[in-house]
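Here the structure is laid out as structure tokens; the discussion comes afterwards.
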Amino acid sequence: MNAVFYLLAAITIAGGVAAVMLKHLIHSALAVTVAFAGIALLFLQLDAQFVGFAQILVYIGAVAILIVFAILLTHGADLPREGVFSKSWLAGLIIAAGVFAVIGWAVLESIDAVPQRNAVFEVSVQKIGNALVGRYVLPLEIVGLLLTAATIGAVIVAMHEKERPR
Amino acid sequence: MAATPFFANLDRIFILLRDWLVGFLPVAVRPAASVVLGVIAIVCVFPGLFALTTIFERKGLGRMQNRLGPNRVGPFGLFQPVADGIKALIKEDIVPLSANAAVHFLAPLTLVVAVFMEFAVLPMGRNMALVDMGSGLLFFFAMSASTELSVFMAGWSSRNKYSLLGAMRAIAQMISYEVVLVLSSVSVVMIAGSLSLPDIVNKQNHYTHGFPHWYIFTPWGFAAFVMFAIAATAETNRSPFDLPEGESELVAGYHTEYSGFKFALFFLGEYLAMFSVSGLGTTLFLGGWSAPFSFLTFIPSWFWFFSKVMLSIFVFIWMRGTLPRLRQDQLMNFAWKFVLPFTLLDLLVTALWRILGLGWQRWVFCTVILVAAYVLMGLDQERRRHIGPRRYRYAE
Amino acid sequence: MIATDPLLLYQFGNVPTPPQAWIVRWLWLIPALPIFSSGIISLLKQPRRKLASGLSIGSLSISLLLSLVAFAHVVREWAGGFPIRETVGFTWIHFGTSAIDLGWVLDPLAAIMLVMVSFVGLLIFIYSVGYMAHDENFTRFFCFLSLFAGAMLGVVISNSLLLLFMCWEIVGLTSYLLIGFWYQKPSAAAAARKAFVTTRIGDVLFLLGIVWLFSQTGTLLLYNHGVGSLEGLALVNLLTSHAGLGLSAAGAIGLLIFAGAVGKSGQLPLHVWLPDAMEGPTPVSALIHAATMVAAGVFLIARVYPLMQIGAAPGGTTASLTVVTWIGTATAVFAALIAVAQNDIKRILAYSTISQLGYMMAGLGLGGVAVGMFHLITHAFFKALLFLGAGSVIHGCHEEQDIRRMGGLRVDMPLTFATYAIGMLALCGVPIFAGFWSKDGILEAAHHSTAIKGPFYLLIFGALLTAFYMTRQVCYVFFGYWRGHGTAHESPRVMTIPLVILALFAAGLGFIGTPAWPWFQAFLENRMAPLSLHGFAEPGLGMLMLTSSLVVFLGLGLGWRLYGNKSPKPEAPDALEQSAPWMWAPLRDRLYVDEFYRATFIALYAWLARIADWFDRRIWGGIVSMVVWLFDLWAKLNRALDVYWVDGSFDKTCEELSNSGGLLARVQDGRVQDYLRILAVAVIALAGILIWSSRP
Amino acid sequence: MTAFPSPLVGYLLVAAVLFAIGLAGALIRRNAIIVLIGIELMLNSANLNLIAFWRFGPHPEALTGMMFAIFSIAVAAAEAAVGLGLVISIYRHTNTAELDKINRLKG
């Protein structure tokens, strides 16, 4: 526990809150990017270099871009007249708070049981690679299949429908 | 040829300089101070190089187009960048009224910062990488992927249709070619077995009969390098892939609404991206800081690195002087129907190269497969080329 | 990849692997190239004929070149006194603690077969270009043919029974596809099915043998530097474990594997598919059903010969080898008998093939690998020659296959006649032709066998019959005058050139295995072969050769006496039928084997099927219809109840239900966020309960 | 600064907060894209948990948590692509990306 952690946690949470609360969708998207970056930095703080950079590459480099593209393609940049929050926003907020309470409760309940290992485990990219094509090769294949399916699916879903003859 | 102490010291001169400077400080802050010094060096050297390159480019382009280029400021116009810099600094900073001021302000900053980060992992000489990360290559790509968002921020916040269109084009193009950029680098990773850039250079720093083991001198490496070069050109929005700022269509693309120092930052970011991607290409395929012949190893490693980078920059400029601009659909078709499949095939060929082990067979097989694929795919592209109405499916 | 030289391994223990000749490491290319080209051809469209045939011929030519290099390599090692069996292995699948290894082997057996298969195959490929020129499915034909050649070469080089079995099954599949190539003909489709099912019977037993062998030895590699299943300790263990019926495990496994060979090589009693297989195009008959695939059975026995031979006293024999001998002998005579009374030119050759395969099996059983394999190689050449000649004849006579409707072709088709005659002489075993030396080797082995004498006399009788039926066929086809329709014409160059090449080999190939210079036998058995005329001076050999030549000439004379230059009308009864009708009828009807199968096995199956059908209809069907009736009754009762009693109250209930349903439906309102909200509430509840209940 | 008995608890609480924020975003906003953003946040907080447990857990050499995080990132990318594709497609059909107005399966 040190200052860096608190700083990063603050940035991440602030980014998340801003993403959820900001009226403007593009601002939300940019704010969520901050949250993504914060999480990536938290990963680095946890000595998970590879995952951290992968997080930046995937989330900031791809998902954030996808989100802004989607916003522009759905004309989401224009503010809606009815307001941005749904009618039942209060219930949603209460439920989210409830979930947080339950998770926090669970964490604090198990404070004595949580592991205490502090030694740093050096993980090299080679080890990750070997694990990926060794013990985890089946999940890797499945993820490959999933990504292929998702690519094709996304293209088909977002493709123009052929104009029907009238 | 054994390196004499003089040349060895020359090779390490920057490291020695740093250690000397750090030596004045208390022990506790020395590690931090040496990092700071490295950062300062990068932040100073590359913008300087940028200034040099602008004049170099303008003069060179002038030669190619049979004109003189700038020749008013200083001898042979050499102080032109200084004049330009001063002009950019003192110009009025105009922000459009309807622009989203905060985002408009942040866009060039994040761009330049992300691009500067890329230099952190490049080994610019023997033991001259600022940080030797295990996953340095991934870091590089993570940073270069972050620049896309800055481009979007610039384009969107300007509230200008040309800016937005330019940004969308740029992002579509960068995403398309980034895939190729990453995949063509992966083939190097497969052979080198490391994501660490200094490691990759060390793997190439061997000589047989005086010739280096650079990856460009293998069939897969050559193919990957060509694909990498194409993707790098597109990634940096350079001609012939400079549609995002095609001035005849879009005024100037996503930085239309920028002026003064912010514009200069974009300009700087663009050239820095060019340097960094050249540096990466040099590191991955051209042996980084290693000398081209074993009898030249006495020359300092940083000299080789920077000469190779400058050589790539010259190729960039040369292409700009030679090739006309592509159309958006051509660009996309080229990326997805030729470059990407070929890069994927090259990955397979790299795997084959690795499986076949030492021997003459792998040279024959890999070369034959790649050449055959290139010819067949080229013929296919040639056949599909037809003149007809344009279809814009990606930007509307 | 495991790549070690066994000799060095023995000397120094686990030494760093010495370099292996590149041809051994790249041996897999030989089968891989044709298979690869087959894959490419399968993607081609129908009109790309040139490309298809070019691809398959080109790939097989490269395979042939590589095979020659491999052969030269083995010969060089042999001449230099180095170990001549080199293997390359790799692990295919791990499961638990055991693994399945695959691999290939280069030894004299494989080298010879490689050269033979690729060479004969190449000639037949070239021939097919002419023969199939007008077929609309030309590309498909070459696709199958290439696949076959690749798989057959795979059988030859595999060092693992599993790999061998895979290739073996691909070979069977392509055989099926090619027999049924003209599937529009019902007879072709039926023949393909028959071939597939019949060989499957043998293959199931073969697979059992493989599994048994794996469970006994824990490896499927045949040779693996002393720990393969055919080497050293594994073999001894197999010999000492008993399998019942007085057989050792080695013998029983050997017999199971032999069952596979019986199916593939058309041995009695599974020979019935081979004559029918002649429905396929003639090049297919030549390549698959004469020269290579059917010989795969013989090759398989030669490959696992140690399994059969282990436990035999010097000069003695084992139970499994005796079985092989007797089945081979019986097949040889039996098929020769049937061949005497057939009228279809290809069918005669088919029975002749069965008969010769019987000779090979008998040779394996009596005299060892070299004797059987020598006959296999010579037979491959002259039988391919005969089949291609027959194809040329059929082509020239406008697809006529009945020998009674031919005649006098020696004038119209001189080249075909000359080559066919050479093939026929080689098959009959006329001295100095290839068949003479190889058949003589088998007879000599039979003569020397001290344990059993029966096969010798039977095989001599078979030789007589062979000469007789071949003379009969040649007389019908090439002598007399033309009895068919239209005019016959000589075939194109692309078909006759392979004939000439094959004829050269059919005439001269025997000289690599004469008693004076038994190079072939020595090569296979890894000893030196001096050239000395003393080979002929072996006691009894001269006598034996004289006897067999006499028998052959007797057969030739008999045939000429009955059929020479007669040209009977196509409808007229056969000369033999006139002189011995009681013998003719059963022979013409192929000794009723098909009828016997139809009356027994097939009838049994039909009967079982009928019983099952009856059960279905009567017993199960009856039960089902009773249940149906009961339900029907129940439904009728219910309906009455409903209409008169329940409906009123039910309507009311429905109304209530619909109202409450409407209430519930409000939960499912199509709003995603509401679902998510409910989900989250449920999570809170469940997690709360969980934590609460797990509190200490 | 030892507010927590173990650093792990700090990371877990940050993850919990992020998860709650993501859930809140998914529940209270009307725009489908924000809902997707919220879901991404939740996935990220789960990743944070995985990595934190990997870092402080007893068997880091097995790399289990890290592998889970890597796969989770890959799956999340696929999810984002398909999800946003769906949103765009729905927008084309109904001309809105507001979830309140999209409550019918019929287009």
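Tabulated results
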| item | result |
| --- | --- |
| Condition broken by D:Ser45, with the remaining ones in (1) among the polar types (S, T, N, Q); (2) touching a residue at least 12 places away in the same chain (Cβ under 8 Å); (3) at the interface with chain A (Cβ under 7 Å from one of its Cβ atoms) satisfied | (3) |
| Selection status of B:Glu245, in contact with a His (Cβ under 9 Å, 6 or more places away or on another chain), within 30 Å of B:Leu106 (Cα to Cα) and modelled with pLDDT under 80 | yes |
| Residue within region A:32-48 that is over 30 Å from A:Lys127 (Cα atoms), facing chain D (nearest Cβ under 9 Å) and without any contact (Cβ under 8 Å) to a residue 40 or more places away in the chain present | yes |
| Pick from region C:187-231, criterion surrounded by fewer than 20 Cβ atoms within 10 Å (Cβ to Cβ), among the small types (Gly, Ala, Ser) and assigned to a loop (DSSP other than H, G, I, E, B), ranking: modelled with the highest pLDDT | C:Gly218 |
| Hey, A:Ala3 surrounded by fewer than 21 Cβ atoms within 10 Å (Cβ to Cβ), among the aliphatic types (A, V, I, L, M), more than 11 Å from chain B (Cβ to nearest Cβ) and over 12 Å from the mean Cα position of the chain (by Cα) or not | yes |
| Residue under evaluation B:Leu149, criteria (1) touching a Gly at 6+ places or on another chain (Cβ under 7 Å); (2) closer than 24 Å to B:Val103 by Cα, criterion not met | (1) |
| Scope region A:49-71; condition more than 9 Å from chain B (Cβ to nearest Cβ) and touching a Phe, Trp or Tyr at 6+ places or on another chain (Cβ under 6 Å); matching residues | A:Val51, A:Tyr59 |
| Subset of region B:212-233 (residues that are farther than 15 Å from B:Gly288 by Cβ and either of a type in the set (Lys, Arg) or not in a helix (DSSP H, G or I) (or both)) | B:Thr218 |
| Top-ranked residue in region B:143-192 [being basic (Lys, Arg) and part of a helix (DSSP H, G or I); ranked as nearest to the chain's Cα centre (by Cα)] | B:Arg169 |
| Residue selected from region B:200-211 under the condition part of a helix (DSSP H, G or I) and touching a residue at least 24 places away in the same chain (Cβ under 8 Å), by the criterion farthest from the chain's Cα centre (by Cα) | B:Gln204 |
| Members of region B:341-368 found to be assigned to a helix (DSSP H, G or I), without any contact (Cβ under 8 Å) to a residue 60 or more places away in the chain and either farther than 17 Å from B:Tyr215 by Cβ or not basic (Lys, Arg) (or both), listed by number | B:Pro341, B:Leu345, B:Leu348, B:Leu352, B:Ile355, B:Leu356, B:Trp360, B:Gln361, B:Val364, B:Phe365, B:Val368 |
| Filter result for B:Leu195 (part of a helix (DSSP H, G or I) and surrounded by 22 or more Cβ atoms within 10 Å (Cβ to Cβ)) | no |
| Members of region D:48-64 found to be more than 17 Å from A:Leu42 (Cα to Cα), more than 7 Å from every other protein chain (Cβ to nearest Cβ) and among the hydrophobic types (A, V, I, L, M, F, W, C), listed by number | D:Ala62 |
| Check on B:Ala99, assigned to a helix (DSSP H, G or I), within 14 Å of chain A (Cβ to nearest Cβ) and not hydroxyl-bearing (Ser, Thr, Tyr) | no |
| Test: C:Gln356 is among the polar types (S, T, N, Q) and outside any helix (DSSP H, G or I) | no |
| Qualifying residues in region B:272-301 (those that are buried (at least 22 other Cβ atoms within 10 Å of the Cβ) and aromatic (Phe, Trp, Tyr)) - the one farthest from B:Ala145 (Cα to Cα) | B:Trp289 |
| Qualifying residue in region C:488-502 (condition: of a type in the set (Val, Ile, Thr), crowded, with 24+ Cβ neighbours inside 10 Å and part of a helix (DSSP H, G or I)) | no |
| Residue list for region C:139-155, restricted to those being at pLDDT 90 or above and of a type in the set (Val, Ile, Thr) | C:Val155 |
| In region C:254-307, the residues that are β-branched (Val, Ile, Thr) and part of a helix (DSSP H, G or I) | C:Ile257, C:Val262, C:Thr282, C:Val284, C:Ile288, C:Val294, C:Val298, C:Ile301 |
| Residue in region A:98-110 that is farthest from D:Ala20 (Cα to Cα), counting only those that are within 7 Å of another protein chain (Cβ to nearest Cβ) and not β-branched (Val, Ile, Thr) | A:Glu109 |
| Search result, residues across region A:117-139 that are under 15 Å from D:Ala74 (Cβ atoms) and either at the interface with another protein chain (Cβ under 8 Å from one of its Cβ atoms) or not in a helix (DSSP H, G or I) (or both) | A:Ile128, A:Ala131, A:Leu132, A:Tyr136, A:Pro139 |
| Checking C:Ile84 against (1) surrounded by 16 or more Cβ atoms within 10 Å (Cβ to Cβ); (2) touching a Ser or Thr at 6+ places or on another chain (Cβ under 9 Å), the condition it does not meet | (2) |
| Single match in A:Gly61, A:Gly38, A:Gly104, A:Gly98 (criterion: under 30 Å from D:Pro7 (Cβ atoms), among the small types (Gly, Ala, Ser) and modelled with pLDDT of 90 or more) | A:Gly38 |
| Residue selected from region A:117-166 under the condition of a type in the set (S, T, N, Q), over 25 Å from B:Ser194 (Cβ atoms) and surrounded by 11 or more Cβ atoms within 10 Å (Cβ to Cβ), by the criterion modelled with the lowest pLDDT | A:Thr151 |
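The values are calculated or read from the model by the stated rules, or taken from the named source; none is laboratory data. What you are looking at is a predicted structure, and each value in this text was computed from that prediction instead of being measured. Neighbour counts are summed over all protein chains in view; Cβ atoms, including those assigned to glycine, are modelled from backbone coordinates with ideal geometry.
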